[in-house]
Amino acid sequence: MLITALALSFALSTAPQDPPTHRQAVNCTGVFLFTAVLTAQAAETEPTAEHRETADLAATLLKAADASRLQAASREGLSIDDSSGALNAWLEANETGGDTILGRELDGCIALYAYAIP
């Protein structure tokens, strides 16, 4: 019984989810952009294997979210320019307080793009 419950739990946790909306994808692209910058800076300051791996992972998640942003824009009838404008507006709105936005949004974005983690 326990094994069946564990197998069902695993199946449900790895079940495909709906693709993100454009708004979600813009949010996560911005979050991962901030994360990529911070982790790249850490890798430059202290070039350890762990910092390089973290920076590489952040870049991978950024690429996945950005591709998803463009796909969502297409699904929702938005132009690439409109999607880029939305991302720029998000970045400007969150220019200060990056640590706060990362603390609030990073886990949800990682969960949304966990499929991209090698």
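Pick out the one residue from 78, 106 that is touching a helix residue (DSSP H, G or I) at 6+ places or on another chain (Cβ under 7 Å), in a loop (DSSP other than H, G, I, E, B), within 18 Å of residue 19 (Cα to Cα) and not polar (S, T, N, Q). Don't jump to the end; show me each part of the working.
Details: 106 fails: in a loop (DSSP other than H, G, I, E, B).
Unique residue meeting the criteria: 78.
Would you mind finding the one in 64, 93, 43, 55 that is of a type outside the set (Val, Ile, Thr) and under 22 Å from residue 19 (Cβ atoms)?
Details: 93 fails: under 22 Å from residue 19 (Cβ atoms); 43 fails: under 22 Å from residue 19 (Cβ atoms); 55 fails: under 22 Å from residue 19 (Cβ atoms).
One residue alone meets the criteria, 64.
Among the listed residues 87, 62, 70, identify the single one that is in contact (Cβ under 8 Å) with a residue 60 or more places away in the chain and either part of a helix (DSSP H, G or I) or open to solvent by 70 Å² or more (accessible area, probe 1.4 Å) (or both).
Values: 62 fails: in contact (Cβ under 8 Å) with a residue 60 or more places away in the chain; 70 fails: in contact (Cβ under 8 Å) with a residue 60 or more places away in the chain.
So the residue among 87, 62, 70 that is in contact (Cβ under 8 Å) with a residue 60 or more places away in the chain and either part of a helix (DSSP H, G or I) or open to solvent by 70 Å² or more (accessible area, probe 1.4 Å) (or both) is 87.
Mind listing just one residue for me: the one in region 10-24 that is at pLDDT 80 or above and part of a loop (DSSP other than H, G, I, E, B) and, of those, surrounded by the most Cβ atoms within 10 Å (Cβ to Cβ)? First the steps, then the outcome.
Step one: filter region 10-24 for residues at pLDDT 80 or above, giving 18-24.
Imposing the further condition that a residue be part of a loop (DSSP other than H, G, I, E, B) reduces the set to 18-21.
Working: 18: 6, 19: 13, 20: 20, 21: 13.
Only one residue tops the list, namely 20.
If I ask for residues that are of a type in the set (D, E, K, R) and free of Cβ contacts under 8 Å to residues at least 24 places away in the same chain, which ones from region 73-84 would you list?
Narrowing region 73-84 to residues of a type in the set (D, E, K, R): 75-76, 81-82.
Answer for region 73-84, where residues must be of a type in the set (D, E, K, R) and free of Cβ contacts under 8 Å to residues at least 24 places away in the same chain: 81, 82.
Can we say residue 96 is among the β-branched types (Val, Ile, Thr) and assigned to a helix (DSSP H, G or I)? Don't jump to the end; show me each part of the working.
On the way: among the β-branched types (Val, Ile, Thr): yes; assigned to a helix (DSSP H, G or I): no.
Considered against the rule, which asks whether it is among the β-branched types (Val, Ile, Thr) and assigned to a helix (DSSP H, G or I), residue 96 comes out as no.
Against the definition (crowded, with 17+ Cβ neighbours inside 10 Å and at pLDDT 95 or above), how does residue 43 come out, yes or no?
On the way: crowded, with 17+ Cβ neighbours inside 10 Å: yes; at pLDDT 95 or above: no.
So residue 43 fails the test.
Go through region 90-118 and count every residue that is of a type in the set (Ser, Thr, Tyr) and exposed (fewer than 10 other Cβ atoms within 10 Å of the Cβ).
Of the residues in region 90-118, the ones of a type in the set (Ser, Thr, Tyr) are 96, 100, 113, 115.
Right, trim to exposed (fewer than 10 other Cβ atoms within 10 Å of the Cβ) and you get 96, 115.
Here the count works out to 2.
The values are calculated or read from the model by the stated rules, or taken from the named source; none is laboratory data. Predicted, not measured: the structure shown is a model, and the values here were computed from it. Methodologically, a virtual Cβ is constructed for each residue, glycine included, from the backbone with ideal geometry; neighbour enumeration extends over all protein chains shown. With ligands, DNA and RNA removed, areas are computed over all heavy atoms of the protein, side chains included. Shrake-Rupley method; radii C 1.70, N 1.55, O 1.52, S 1.80 Å.
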